[in-house]
1. How much of the accessible area of the chain, in percent, comes from carbon and sulfur atoms when a 1.4 Å probe is used?
2. Can you give the relative contact order of the chain as a percent, counting alpha carbon pairs under 8 Å and 6+ residues apart?
3. If R0 is 41 Å, what FRET efficiency do you get for Met179 and Asn159 from their C-beta distance, rounded to 0.05?
4. If I model a spin label at Asp104 and Ser120 as a point 7 Å from the Cα along the Cα→Cβ vector, what separation in nanometres do I get?
5. Using a 1.4 angstrom probe with every protein chain in place, what is the largest-first accessible-area order of Leu99, Leu190?
6. By how many nm would the segment from Glu56 to Ser71 grow when fully extended, if each residue of separation counts as 0.36 nm and the alpha-carbon distance is taken off?
7. Between [x] 8, 33, 35, 20, 4, 0; [y] 9, 28, 29, 21, 12, 2, 0; [z] 7, 27, 37, 25, 4, 0, which matches P(r) over Cα pairs in 10 Å bins from 0, in percent calculated for the structure shown?
8. Do any chymotrypsin sites (Phe, Trp or Tyr not before Pro) in region 20-78 lie in a loop, going by DSSP, with at most 15 other beta-carbon atoms within 10 Å of their beta carbon, and if so which?
Amino acid sequence: FTPSAIETREVLKKSKVMLSYYPDSPLTNLLRGGAYFLKSFVPIIREEEDEQVGEEYFIKSLNRSKKILDSSPNDGITYYIFYLTTVLLSKHYIANNELLDAADIAQEYVDFAENHNLLSSAYPWPLAMNIGSVFKESFQFDNNIKIKKIALNNSFKLNSSDDHISSLYGHVARGYLLMGEYDSAKSNYLKSLDFAYDGDYYSTKIKLKLA
């Protein structure tokens, strides 16, 4: 999906108005940054500096979120904006092969969430697929495993479906494979099979890996 130039200009206009009223709002800066990244995908109006401008607004949103959360760590809306900005900014860095920057941004989120006992209650799938995968793609394999194990534990706490638990075991197993820890990988693949539906595509793939 690529928005039209008219639609994108309208988004830019509205985010600019919001910024004039709420210049320090994490949400406003997040939306403004998103508008510039959106603009960078529209050939007619795209400009060379769009991604850089978008990145700067994302960083403002991130820094402002952290400042608010330092004094109000239970502010759920700001925490979600902090999480979302972390994901978007780190993915942007990965796309530009700035892997250390991506890992640093993700680690800041993890440190905050750990310090405020929030990781243990995070929804498993977004945690594993967004934060965990940032570490995986930036070759921080230890952190990838750590986050996906937390996501797996959370899936049990939240009584997640068997297929989600099976999939998370599979992600943990693949994390161990990347580290060359084959016994741990095999153990987690076998656990994944315990929760997989016998004969489905996913369980068949695991059995082929173990063969």
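1. Numbers: 6430 of 11770 Å².
In the chain, the share of accessible area belonging to carbon and sulfur is 55 percent.
2. Relative contact order of the chain: 11 percent.
3. Details: r = 30 Å, r/R0 = 0.73.
Efficiency for this residue pair is about 0.85.
4. So the label points at Asp104 and Ser120 sit 3.1 nm apart.
5. Leu190, Leu99
6. On the way: separation 15, 0.36 × 15 = 5.40 nm, distance 2.35 nm.
3.0 nm is the gain from fully extending Glu56 to Ser71.
7. Answer label, from the structure shown: [y].
8. Details: sites: Tyr21, Tyr36, Phe37, Phe41, Tyr57, Phe58; in loops: Phe41.
Qualifying residues, ordered by number: Phe41.
The values are calculated or read from the model by the stated rules, or taken from the named source; none is laboratory data. The structure presented is a predicted model; accordingly, all values stated were derived computationally and were not measured. Counting neighbours? That spans all protein chains shown, and the Cβs are built from the backbone with ideal geometry, glycine included. The area values use the complete protein model at the heavy-atom level, side chains included, leaving out ligands, DNA and RNA. Shrake-Rupley method; radii C 1.70, N 1.55, O 1.52, S 1.80 Å.
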